[in-house]
Amino acid sequence: MKIVDSIEALRKWVAEKKANRQTVGFVPTMGFLHEGHMSLVDAAKDRTDAVVMSIFVNPLQFGPTEDLDRYPRNLERDQQMAEARGVDLLFVPSVGEMYPQPVKTVIHVSGVTERLCGASRPGHFDGVATVVCKLFNMVQPDYAFFGQKDAQQVAVIQQMVYDLNLPVEIVPCPIVREKDGLAMSSRNVYLNEEERKQALSLNQALREAEQAYLEGRSPEEVKQLMLQKIQAEPLAEVDYVELLSYPSLEPLECLEGSSFICALAVRFGKTRLIDNLIILNRKGREQHVANDDDRKNTPCYSN
Ligand code: AMP
């Protein structure tokens, strides 16, 4: 595995692959890798000839009171994991390499950023869209792989790619969970034993939501059930629990026949966790994939 920290070296490597008619897959991350990230590498290896992973903790997507400074990092371990899984090029730029000057151009995706994390983390998705667009321009991948763990992020990136005609296909990949159901996240290391135990209520609430949906409950009833389950844990502080259409992320009157997401963000102590469940119904999918461009960028499974 080759490791580079300059955009120039990255571009040179990619140009050689493309000159040899190899397809390039891209997995952007913030590092402190786990099986969730590795599943994206597996998907990239299945679909492309040369896999680029980036590790960059992007200051632009953190709010002033968020965890930028204490975000977990372990580059040595990340390098070993990436190499063992078959990443071909690891791109680890410094903040100075990515942002030699404060950016004066920021990408703002409207609509899908209005609710969920877009509402509770102002500016977050501007930072995400801007860095991902920059990385796409540097790597010029044929395919880019994103986890549905960050389902709103997938919707934002798909919207950006569609609106700006970026020549890359976005491949959404399913959420990877610990054996006990907790969604894997670099931030899970912040949790103490008791918080970790109570955080299991998130996945449990999503499973109950799925059951309630199958029983024909309304969005409000499902939401209340989820809230009850999570708020039974004394350390849980709910940021949001919402049921919205997916991928447009708008409020829903009724769940039957539509594609929707149950999304939640909950704090345990200082740690904010997110998780979700996506249900794609055939009717909703047919409505959404009205044309071929949409079809290409639509996730086609439920978690
Ligand atoms: P991060 O390093 O947290 O920015 O995540 C990098 C990529 O890995 C994003 O596309 C995430 O959605 C994805 N990812 C993180 N956790 C998981 C998980 N548990 N399952 C699947 N994908 C994940």
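Scanning the range 37-70 for residues that are hydroxyl-bearing (Ser, Thr, Tyr), more than 14 Å from Val24 (Cα to Cα) and crowded, with 17+ Cβ neighbours inside 10 Å returns a single hit, Ser39.
Considering the range 125-176, the residues that are of a type in the set (Asp, Glu) and not in a helix (DSSP H, G or I) include one that is surrounded by the most Cβ atoms within 10 Å (Cβ to Cβ), namely Asp142. Residues that are assigned to a helix (DSSP H, G or I) and not aromatic (Phe, Trp, Tyr): does the range 97-108 have at least one? Yes: the range 97-108 contains one or more residues that are assigned to a helix (DSSP H, G or I) and not aromatic (Phe, Trp, Tyr). Taken together, the residues in the range 12-34 that are among the charged types (D, E, K, R) and near the ligand (Cβ under 7 Å from one of its atoms) amount to 0. Only a single criterion out of (1) in contact with a helix residue (DSSP H, G or I) (Cβ under 8 Å, 6 or more places away or on another chain); (2) in a helix (DSSP H, G or I); (3) touching a residue at least 40 places away in the same chain (Cβ under 8 Å) is not satisfied by Val52, namely (2).
Would you check which residues across the range 1-29 are closer than 26 Å to Gln148 by Cβ and surrounded by fewer than 17 Cβ atoms within 10 Å (Cβ to Cβ) and list them? Selection gives Thr23 alone. Elements of the type helices (runs of 4 or more DSSP H) sitting completely within the range 201-303 and holding at least 1 residues that are at pLDDT 95 or above: these cover 219-231. Taking the range 35-49 as the range and being more than 8 Å from the ligand (Cβ to nearest atom) and touching a Gly at 6+ places or on another chain (Cβ under 7 Å) as the test, the residues that pass are Val41, Ala44, Lys45, Arg47, Thr48. Being of a type in the set (Ser, Thr, Tyr) and surrounded by fewer than 21 Cβ atoms within 10 Å (Cβ to Cβ) is the filter here, so list the residues in the range 216-257 that pass it. Listed by number, the residues that qualify are Ser218, Tyr240, Ser245, Ser248. Met38 falls short on exactly one of the conditions (1) in a helix (DSSP H, G or I); (2) within 19 Å of Glu169 (Cβ to Cβ), and that condition is (2). Per the listing Leu10, Leu68, Leu90, the residue uniquely within 26 Å of Leu273 (Cβ to Cβ), among the hydrophobic types (A, V, I, L, M, F, W, C) and either within 20 Å of the chain's Cα centre (by Cα) or assigned to a helix (DSSP H, G or I) (or both) is Leu68.
The values are calculated or read from the model by the stated rules, or taken from the named source; none is laboratory data. Keep in mind that this is a model prediction, so the values were computed, not measured. Neighbour counts run over all protein chains shown; Cβ positions are idealised from the backbone, glycine included.
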